[in-house]
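Enquirer: The structure's right below; bear with me while I get my questions together.
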Amino acid sequence: MKTKILLAGVLIILKLSFLGCALGTVTTVESGDRATEQSRVLIATQKSEFKQAVLHEIRSILENNSCYIKVIDVKKLPNESTEGYHAVIILNECMAGRPDPRVESFIDDATQKEKLIVLTTGRLDSWKLESPRVDAITSASVMTQAATIGQSLAGKTLKIIRSQQNI
């Protein structure tokens, strides 16, 4: 009897952990014309209310600056590279002290790390990016700060774009 109760408890915990960790998938969206826009930005994100608010602010600013923007789920990062983009923004969440493994792999494999801007949300003990060439920030998912964080990330993105256009 105790074994059955213990097994049921473990299964419930596993199910709750899976459901709690399973984020919805972000639909791929493109805005602007890749062929005519002078600046191309890839944004990889996860589906959460906070990240969607940050994303909305970033897109609004970049679209007003004539940027082509492609938004993807972080699950699709293995299909992308920094090549072909002036900047890449990654909005990710740490779970159990680590980001999605695809985020880590993308950052490790990126040949142009100076194009990367990474926002990591999570607990205070969350993963910290170790590459000095990547512009990385951490934040709690505080909705009242989403617009400010989005504006900051958009500003950093425009700075990266302008530095490449002045070469």
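Enquirer: Along each of its three principal axes, how wide is the spread of alpha-carbon positions in segment 25-165, in whole angstrom units, largest first?
Expert: 42, 33, 27
Enquirer: So, one more: Once you put a point 7 Å from the Cα of ALA35 and another 7 Å from the Cα of GLU104, both along the Cβ direction, what distance in nm separates them?
Expert: 4.1
Enquirer: If you rank ILE61, ILE90, ILE137 by fewest surrounding Cβ atoms within 10 Å, what's the result?
Expert: With the fewest neighbours first, ILE61, ILE90, ILE137 line up as ILE137, ILE61, ILE90.
Enquirer: Hey, another quick one. Grab the beta carbon distance between ARG133 and MET95, set R0 = 22 Å, and tell me the FRET efficiency rounded to 0.05.
Expert: About 0.30, to the nearest 0.05.
Enquirer: Tally Lys and Arg at +1 and Asp and Glu at -1 over the other residues with C-beta under 10 Å from the C-beta of SER66: what net charge comes out? Display every interim value, and only then the final one.
Expert: Working: positive: none; negative: ASP33, GLU37, GLU63.
Residues near SER66 contribute -3 overall.
Enquirer: Based on other C-beta atoms within 10 Å, arrange THR138, THR25, THR120 from fewest to most.
Expert: Taking fewest neighbouring Cβ atoms as first place, the list is THR25, THR138, THR120.
Enquirer: Just going by the charge dipole of segment 51-151, with Lys and Arg at +1 and Asp and Glu at -1 on Cβ, which of MET143, SER105, THR120 is farthest out on the positive end?
Expert: The listed residue farthest towards the positive side: MET143.
Enquirer: Right, next: If you take every DSSP beta bridge fully contained in segment 25-165, what fraction is antiparallel? Give it as a percent rounded to 5. Intermediate values should be presented prior to the final figure.
Expert: Working: 4 of 26 bridges.
The answer is about 15 percent antiparallel.
Enquirer: Give, in nm to one decimal, the length gained when the segment between GLU49 and SER163 is fully stretched (0.36 nm per residue of separation minus the Cα-Cα distance).
Expert: Using 0.36 nm per residue and subtracting the Cα-Cα distance, I get 37.9 nm.
Enquirer: Which of the pairs LYS70/LYS159; LYS76/LYS115; LYS75/LYS115; LYS76/LYS159; LYS47/LYS76 have their Cα atoms more than 22 Å apart in this structure?
Expert: Long pairs (Cα-Cα over 22 Å): LYS76/LYS159.
Enquirer: Continuing with the same structure: For segment 37-89, what value does the Rg/Rh ratio take when both radii are computed over Cα atoms and Rh is the Kirkwood radius, given to two decimals? Don't skip to the answer; put the middle values down first.
Expert: Details: Rg = 11.0 Å, Rh = 11.4 Å.
In segment 37-89, Rg relative to Rh is 0.96.
Taken together, the values in this text are just the output of simple stated rules run on the coordinates, not laboratory data. For clarity, every value in this text was computed on a predicted model and none was experimentally measured. Backbone-built Cβ (ideal geometry, glycine too); neighbour counts: all protein chains shown.
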